[in-house]
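The values are calculated or read from the model by the stated rules, or taken from the named source; none is laboratory data. Keep in mind that what you see is a predicted model, and the values were worked out from it rather than measured. Backbone-built Cβ (ideal geometry, glycine too); neighbour counts: all protein chains shown. Ligands, DNA and RNA are stripped out before the accessible areas are found, and what is left, the full protein with its side chains, is counted by its heavy atoms. Shrake-Rupley method; radii C 1.70, N 1.55, O 1.52, S 1.80 Å.
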Amino acid sequence: MLRYIYILAFLAGVIAAAIGVACLAPVEAETCLSPFVKRLDRPEKYLYVFCVDADAKDNDFLAVIDVEIESKSYGKILYQLDVGSSGNETHHFGFTDDRTHIWGCSLFSSRVFIINVADNPAKPKLEKVLDELPKETGLSGPHSPYALPGRMLLSCLGDKEGGLPAGLAEFTNDGKFVRKFEFPKDAPYGYDVAIKPDLNRMVTSSFTPPENYKKPFTKMDLKHFGKELLLWDFRERKVLTKLTTGAAPLECRWSLKEGANHGFTNCALDNSIWIWEGDADGKYTARKLCDTGKLPADLRQSPDDRFLYVSCFASNEIQQWDVSDLKKPKLASSVMPGVQPNMMHVTGDGKRMYITNSLLSTLDRSENFWVRLAHVGPDGLKMDPFFNVDLTQFKTGAARGHDMLLY
């Protein structure tokens, strides 16, 4: 009896939240997107999940999940877009500035998939594959596709041979290569990129090149990881300063407040979040903000800039940190969505967080892959017991779900 009372109460809360979302004006901050990307003007209808075929025998694909709460197929996979090849290690993807296309990156094959989502959002179509990235740009391991006005900026993890230095490659929205920027010799590692347009600043972080991350974790050289952030003049694409952080600073998240000259990164091999800060003279420093759970793999923000969310891949938890006081961050809540939580995607209203649980095929320790949902409320993070998309039951077997986007 108590179980049914709980279920009814939870459903009432979900319905009330949905009504509230529908009545609210849209919130402009989708915190994981480039500031140049057009924002949704409504609650999300589709969740796109970039999936790696788990045994690399069948083609990788993009899964379309129905996330419109009043839909009869809510929480179901509606469609799979076959990308035409396997063994890519499909990883991160991002919208073009007009939100009509997704650029999907692959860490093993270095292919980039350009996918049209505007014509039929429920059934995206593959328009182009950039399959000669190393030859064309001199770089490999494309990681973060980041929208610029009319262009896409790719952060790449290695040179054309899979070593160092890493760099950035700039393309037009239709896939024509424009130019590249190599990282300096004293900070040759690459990973993520983020831009603060009102300050004319860009930041890049560092991981490890393909020659290292393609190995099983037990054979990776843990000394072959970066520990630097680079601060750039965005318009000039010129490095201004190098900052040292904990090992493997990954995601780059500028403060969302207008004019705020600081941001955050999660250091995966240091189990910590670090902050970079600029002063009135334009000088930057970095310091450890807090210690986290084990192997913080992804970092997200709340739209009001009060909270940071970090997925702790090795300790199976997601932590919510209150960073309203940058001198005294506080652990506000935590939740355990399942084994090895990794990527998160916070909705524009800040009330929902979608979660996947594959990091890399060379690092995953579980064969149970899923997409789950957490609600964000006054009491912190709470898992939704009714939203659980199983990624192990495809006709081709299990798939590793990684990055996500909403439409």
Problem set entry | Entirely in the range 361-407, the strands (runs of 3 or more DSSP E) that have 2 or more residues that are more than 18 Å from the chain's Cα centre (by Cα) and aliphatic (A, V, I, L, M) | 380-390
For this session: Can you tell me which residue within the range 193-207, out of those that are under 17 Å from the mean Cα position of the chain (by Cα) and part of a loop (DSSP other than H, G, I, E, B), is surrounded by the most Cβ atoms within 10 Å (Cβ to Cβ)?
Result: 205
For this session: Could you please find all residues in the range 208-222 being part of a loop (DSSP other than H, G, I, E, B), open to solvent by 70 Å² or more (accessible area, probe 1.4 Å) and of a type in the set (A, V, I, L, M, F, W, C)?
Result: 222
Seminar exercise, completed: When the range 369-407 is checked residue by residue, the ones that are under 19 Å from residue 80 (Cα atoms) and either open to solvent by 60 Å² or more (accessible area, probe 1.4 Å) or of a type in the set (Asp, Glu) (or both) are 388, 390, 393, 395, 403
Exercise. If you go through the range 100-115 one residue at a time, how many are within 22 Å of residue 30 (Cβ to Cβ) and open to solvent by 10 Å² or more (accessible area, probe 1.4 Å)?
Worked result: 2
Problem set entry | Residue list for the range 125-157, filter: in contact (Cβ under 8 Å) with a residue 40 or more places away in the chain, surrounded by 23 or more Cβ atoms within 10 Å (Cβ to Cβ) and not in a strand (DSSP E or B) | 137
For this session: Please tell me if residue 336 is within 14 Å of residue 300 (Cβ to Cβ) and in contact with an Asp or Glu (Cβ under 7 Å, 6 or more places away or on another chain).
Result: no
Exercise. Do the conditions hold for residue 70, that is, is it in contact with a Ser or Thr (Cβ under 7 Å, 6 or more places away or on another chain), at pLDDT 60 or above and farther than 22 Å from residue 400 by Cα?
Worked result: no
For this session: For residues that are touching a Phe, Trp or Tyr at 6+ places or on another chain (Cβ under 8 Å) and either surrounded by fewer than 15 Cβ atoms within 10 Å (Cβ to Cβ) or more than 15 Å from residue 236 (Cβ to Cβ) (or both), tally how many sit in the range 158-192.
Result: 12
Seminar exercise, completed: Output for Cβ contacts, cut-off 6 Å, separation at least six or different chains, first residue within 16 Å of residue 88 (Cβ to Cβ) in the range 349-375, second modelled with pLDDT of 95 or more and not in a loop (DSSP other than H, G, I, E, B), reads 358/400; 358/401; 358/402; 359/297
Exercise. Does the range 169-187 contain any residue that is in a helix (DSSP H, G or I) and either more than 23 Å from the chain's Cα centre (by Cα) or not small (Gly, Ala, Ser) (or both)?
Worked result: no
Exercise. Do the conditions hold for residue 349, that is, is it on the phi < 0 side of the Ramachandran plot, touching a Ser or Thr at 6+ places or on another chain (Cβ under 7 Å), among the acidic types (Asp, Glu) and surrounded by 15 or more Cβ atoms within 10 Å (Cβ to Cβ)?
Worked result: no
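Only one residue in 150, 175, 141 is touching a Gly at 6+ places or on another chain (Cβ under 6 Å) and closer than 28 Å to residue 63 by Cα. Which one?
Unique residue meeting the criteria: 141.
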